[in-house]
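Structure, as structure tokens:
Here, each number is a calculation from the coordinates, and none is a lab measurement. Note that the structure is predicted; figures quoted are calculated from it, not measured. Backbone-built Cβ (ideal geometry, glycine too); neighbour counts: all protein chains shown.
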Amino acid sequence: MYKISIVIATLGGIQLSKTVKLLNEGSLIPDEILICVPIGTHIKNLNYDNVRIIPTMIKGQVAQRIEGFKKVKNEFVLQIDDDILVENNFLKDLLHIFLKLPDNSSFSPSFKFIENNMSIYSSYTGFLNTLYYFLINGTCGYKQGVITKAGTEIGVYSFDDSNSTLEVEWLPGGCILHRKKNLVLHNYFPYHGKAYCEDLFHSCELKKRGINLYITGIVHAYITDPRTEVFKIRNQFSSLKNDFKMRSKFCKNYYRKTNINFFIYYFIRINSIIYKTLFWSKN
């Protein structure tokens, strides 16, 4: 009875066709799937009646997605990354829960690794982890679903009740279900390159509009575990440098300034990379 529009911002990677295939094989078939790509990008293996290619003038995940948002025709809109894998009842179950939430809500599934069915986030216990979260989040420490004083995100690892829905301060941008009237249609991320911290920017824009953010413990989306990739110190430092630039912009845009917790976080990250480099070089 309900029609869903799906928006995928992509550069046309090989994983896209599998994501679209799984969405179209589910118990609830999307009414439309909008594939938002920079002009000139050639898309293969997407021969479905409900797929529309949306060429965009700008290359960038956020800008491409917004062009898709502007063209959706249904009340329910799912943004999803091109490498997300879903189960047969994914859309049906996600929508079933979403309909029970207030109209001013955006909503995400839990995220798991496809390799082991474990949460992509870790639980943190013990003295060292308690100290770490004190250093980056003060007396609030570790709390699922919050944005810390350092401008970093804490994911949702587990639920007190697997059937519960948890209200959070941020949503992972890889998969979010919205109502059309609640979509953010201006480009809140006018930066070039990979969209570091984009989900935090987006979450704060939604909250500024009075949208409540929720995550469910029932429905799951799956990704490949990036920790299986070969550790390269050059890539790690390059990624950390870009993350620093975007997170500092995030803090200044939404919290007006960076603080001591912010710099402590990056001091710890740098030392973590150095430690891994020394450890792996001996093994």
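What is the dipole size for the chain, taken about its Cα centre, with +1 at each Lys and Arg Cβ and -1 at each Asp and Glu Cβ, in debye to the nearest 20? Please list the in-between numbers first.
Values: 35 positive and 24 negative charges, 243 e Å.
Dipole size: approximately 1160 debye.
Exceeding 20 Å between C-alpha atoms, which entries from my cross-link table qualify? They are LYS149/LYS252; LYS73/LYS112; LYS73/LYS208.
Numbers: LYS149/LYS252 12 Å; LYS73/LYS112 30 Å; LYS73/LYS208 24 Å.
Result: LYS73/LYS112; LYS73/LYS208 exceed 20 Å.
Residue farthest toward the positive end of the dipole of the chain, with Cβ of Lys/Arg at +1 and Asp/Glu at -1: which of THR277, LEU166, LEU213?
THR277
Once the Cβ-Cβ distance between ASP160 and LYS44 is put in as r, and R0 is 45 Å, what FRET efficiency do you end up with, to the nearest 0.05?
Working: r = 45 Å, r/R0 = 0.99.
Between ASP160 and LYS44 the formula returns 0.50.
As a footprinting exposure proxy, order ARG179, ARG256, ARG209 by other Cβ within 10 Å, with the fewest listed first.
Numbers: ARG179 18, ARG256 8, ARG209 13.
Lowest count first: ARG256, ARG209, ARG179.
Among TYR255, ILE176, THR148, which residue has its Cα positioned farthest towards the positive end of the charge dipole of the chain, with +1 placed on the Cβ of Lys and Arg, -1 on the Cβ of Asp and Glu, and the dipole taken about the Cα centre?
Farthest towards the positive pole: TYR255.
Work out from phi, with θ = phi - 60° and the Karplus expression 6.51 cos²θ - 1.76 cosθ + 1.60, the ³J(HN,Hα) of each residue of the stretch 19-36, listed in order in whole Hz, and give x for Gly and Pro.
Along the stretch 19-36, the couplings run 4, 5, 4, 5, 4, 7, 9, x, 6, 10, 7, x, 5, 8, 10, 9, 9, 9 Hz.
Treating cross-link reach as a plain straight distance, find the lysines whose alpha-carbon is under 19 Å from the alpha-carbon of LYS21, omitting any fewer than eight places away in the same chain.
LYS3, LYS44, LYS92
I want to make sure I understand the PRE zone here: with the label point 7 angstrom from the Cα of ILE273 toward its beta carbon, which residues in the stretch 229-249 have backbone N atoms less than 15 Å away?
Only 231-248 fall inside the zone, counting backbone N under 15 Å.
Lys/Arg Cβ at +1, Asp/Glu Cβ at -1, dipole of the chain taken about the Cα centre: which of ASN45, HIS192, THR10 is farthest positive-ward?
HIS192
Tell me the mean residue ellipticity at 222 nm calculated for the chain from its helices only (DSSP H runs of n ≥ 4, each -39500 (n - 2.57), averaged over every residue, nearest 500).
-10500 deg cm²/dmol
Taking the Cα centre of the stretch 136-283 as origin, sum charge times position over the Cβ atoms of Lys and Arg (+1) and Asp and Glu (-1), and report the length of that vector in debye to the nearest 20.
Working: 22 positive and 11 negative charges, 154 e Å.
I would put it at about 740 debye.
Evaluate the charge dipole of the stretch 147-218 about its Cα centre and quote only its size in Debye, nearest 20, assuming +1 on the Cβ of each Lys and Arg and -1 on the Cβ of each Asp and Glu.
Values: 8 positive and 8 negative charges, 90 e Å.
Value, rounded to 20: 440 debye.
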